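Peer 1: I'd like to ask some things about the structure below.
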Amino acid sequence: MIRRIFLIAAITAAALPAADCDRACLQGLVDSYLDAMAKHDPSKLAVAVSVKFTENGQALKLGEGFWKTAGASTYRLYALDTRAGDAAAQAVVAENGELDTFFVRLKIKARKIAEAETLVCRKGQAGFFAPDKMTTAPALYSEPLPESEQSARSQLIETASAYFTAVQSEGTKDYRSAPLAPKMNRFENGVQTTNVPVLGMPAMSGAEQLDKGIFKGLVIDHRRFPVVDEQHGVVVGLVLMHANMNGQMGGILISEMFKIAGKQIQQVQAVMVNVANDSDTSWK
């Protein structure tokens with residue numbers, strides 16, 4: 001099944017149309033989205049007539065939900081896919097005197113926003129939450145890779161997907177290790193969760209955590225990789241994870257932004273929010 005997914009991804013990539021929106025164009029549209037949201041006014045955005053908008057997996061009308069309460073953003077980490085016309089950003093957004101973590105993915109067609117997928121996480125809505133620590137976007141993500149460390153689109157997707165496969169299979173006989181760089185770090189809603197003590201356990205590398213199965217029992221579905229930047233080795237993965245929360249299964253919507261070089265994951269930045277276990281993403 002996994003090989004079939006990667007084959008489809010490769011075929012799709014080969015059929016992608018030539019980009020009509022370069023990196024500056026894509027980033028500008030992301031910035032315009034965040035700026036318009038801070039003003040609670042989507043009317044000035046360039047959007048398709050049939051624009052689709054979701055917030056935490058729920059389909060809404062653009063301008064509803066977080067649009068009514070969001071303030072300015074103080075942190076923006078971009079992923080820009082000129083080949084497919086997709087862009088994404090993780091941000092910290094003010095809301096009623098508090099800070100929230102935020103993720104947005106935009107599908108751009110003819111320089112207009114055709115899709116807007118967002119995640120909003122407020123205090124108390126995730127196991128890890130420290131937006132105050134997200135002050136400067138890591139420069140690693142904006143650094144182009146030398147050609148020797150770049151990978152094809154299909155390979156980048158395969159590497160990122162292998163991470164989710166390792167998370168889901170850890171602690172079982174089917175476990176397959178993830179292609180993690182030795183010094184890889186993961187940050188979840190601003191909290192570093194590798195190479196430091198976490199959840200009452202001693203500091204471990206990302207590979208050690210997976211090899212020891214400390215997150216055993218997680219189930220991952222709705223796996224997608226809509227934003228891929230070959231030049232910078234950046235991939236956005238979106239999943240719905242199911243985890244044991246206080247004795248009951250709960251859902252977690254997750255956006256993971258991977259930095260990949262030389263077929264190894266160098267860093268992971270995540271924005272995630274707890275949702276009902278039977279939630280959907282509203283996307284395929």
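Peer 1: State yes or no: is Ser43 closer than 23 Å to Cys21 by Cα and out of contact with any Leu (no Cβ under 9 Å at 6 or more places or on another chain)?
Peer 2: Against the criterion (closer than 23 Å to Cys21 by Cα and out of contact with any Leu (no Cβ under 9 Å at 6 or more places or on another chain)), Ser43 qualifies.
Peer 1: Just one of Arg153, Arg224, Arg186 is basic (Lys, Arg), touching a Leu at 6+ places or on another chain (Cβ under 7 Å) and under 29 Å from Val92 (Cα atoms); which is it?
Peer 2: Arg224 is the lone residue from the list that is basic (Lys, Arg), touching a Leu at 6+ places or on another chain (Cβ under 7 Å) and under 29 Å from Val92 (Cα atoms).
Peer 1: Identify, please: which residue in region 196-223 is in a helix (DSSP H, G or I) and open to solvent by 70 Å² or more (accessible area, probe 1.4 Å) and is, among those, nearest to Ala162 (Cα to Cα)?
Peer 2: The extreme case among them is Asp211.
Peer 1: On the given criteria, is Glu149 open to solvent by 70 Å² or more (accessible area, probe 1.4 Å) and over 15 Å from Ser255 (Cα atoms)?
Peer 2: So Glu149 passes the test.
Peer 1: Also, I was wondering about something else. Name the single residue that is most open to solvent (accessible area, probe 1.4 Å) among those in region 129-146 being hydrophobic (A, V, I, L, M, F, W, C) and in contact with a Gly (Cβ under 8 Å, 6 or more places away or on another chain).
Peer 2: My answer is Phe129.
Peer 1: Among what's in region 249-268 and is over 17 Å from the mean Cα position of the chain (by Cα) and more than 25 Å from Trp283 (Cα to Cα), pick the residue that is surrounded by the most Cβ atoms within 10 Å (Cβ to Cβ).
Peer 2: If we take residues in region 249-268 being over 17 Å from the mean Cα position of the chain (by Cα) and more than 25 Å from Trp283 (Cα to Cα), then Ala261 is surrounded by the most Cβ atoms within 10 Å (Cβ to Cβ).
Peer 1: Mind listing whichever residues of region 109-128 are surrounded by fewer than 13 Cβ atoms within 10 Å (Cβ to Cβ) and closer than 21 Å to Val227 by Cβ?
Peer 2: Ala110
Peer 1: Out of everything in region 22-55 that is open to solvent by 50 Å² or more (accessible area, probe 1.4 Å) and part of a helix (DSSP H, G or I), what residue ends up being farthest from Gly233 (Cα to Cα)?
Peer 2: Once the filter is applied, the top-ranked residue is Ser43.
Peer 1: Kindly evaluate Ala36 against the criterion of being at pLDDT 95 or above, small (Gly, Ala, Ser) and in contact with a Pro (Cβ under 7 Å, 6 or more places away or on another chain).
Peer 2: The answer is yes for Ala36.
Peer 1: Ok, one more. When the residues of region 56-108 are narrowed to those that are open to solvent by less than 10 Å² (accessible area, probe 1.4 Å) and among the polar types (S, T, N, Q), which ends up farthest from Gly237 (Cα to Cα)?
Peer 2: Thr101
The values are calculated or read from the model by the stated rules, or taken from the named source; none is laboratory data. Worth saying up front: this structure is predicted, and the values here are computed from it rather than measured. For neighbour counting, all protein chains shown are included, and Cβ atoms are generated from backbone atoms with ideal geometry for every residue, glycine included. When the accessible area is computed, the model is the full protein with side chains, heavy atoms only, and any ligands, DNA or RNA have been set aside. Shrake-Rupley method; radii C 1.70, N 1.55, O 1.52, S 1.80 Å.
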